[in-house]
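Here, each number is a calculation from the coordinates, and none is a lab measurement. On a predicted model such as this, the values are computed, not experimentally measured, just so you know. Heads up, the Cβs are rebuilt from the backbone with ideal geometry, glycines too, and the neighbour counts pull from every protein chain shown.
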Amino acid sequence: MNWHRELFNDVLSRFKYSAKQVSIWSGVHESRLSRFRNGKLDLEAGEFFHLLESMPQEAQDYFWTHKKLRESSLEQMVSVMTPAQLSELLVMIAGNLSKGDIAVTAN
């Protein structure tokens, strides 16, 4: 699975963290981080979790929130929404459709 690598790279980009800074926080050598980020090395789970835990809380929260979103299917998300949330979602979709922001395709 490459999602953890992609999401980790997204965190660094979003919060403008350098590999050097993450290396200082985590103790993971910069060259190892670079190889991981470029898909040439896969970190062991413990090392990856340590890497995440060494980062500021905002970055950790972003990572875990987006991990959860990746795991949730649209059906799962909709199934737990309240009627008010569903109504708001439908209004947003209708608004985007009327602006032409969503491509409508036939199967």
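Think of it as helices only: each DSSP H run of n ≥ 4 in the chain is worth -39500 (n - 2.57), and spread over all residues that comes to -21500 deg cm²/dmol at 222 nm. Against the chain, whose longest principal axis is taken from its Cα atoms, helix 3-15 shows a tilt of about 90°.
Volume of the convex hull of the chain (Cα atoms only), normalised per residue: 163 Å³. Put +1 on the Cβ of every Lys and Arg and -1 on every Asp and Glu Cβ in the chain; which of L41, L51, T82 then has its Cα farthest towards the positive end of the dipole? Result: L41, furthest along the dipole toward the positive end. For the chain, the longest principal axis of the C-alpha atoms and the axis of helix 83-99 are separated by about 90°.
As a calculated quantity, the FRET efficiency between I93 and E58 at R0 = 30 Å, using C-beta atoms, amounts to about 0.50. For V28, no residue has an amide H sitting under 5 Å from its own, ignoring neighbours fewer than 5 places away on the same chain, with H placed 1.01 Å from N.
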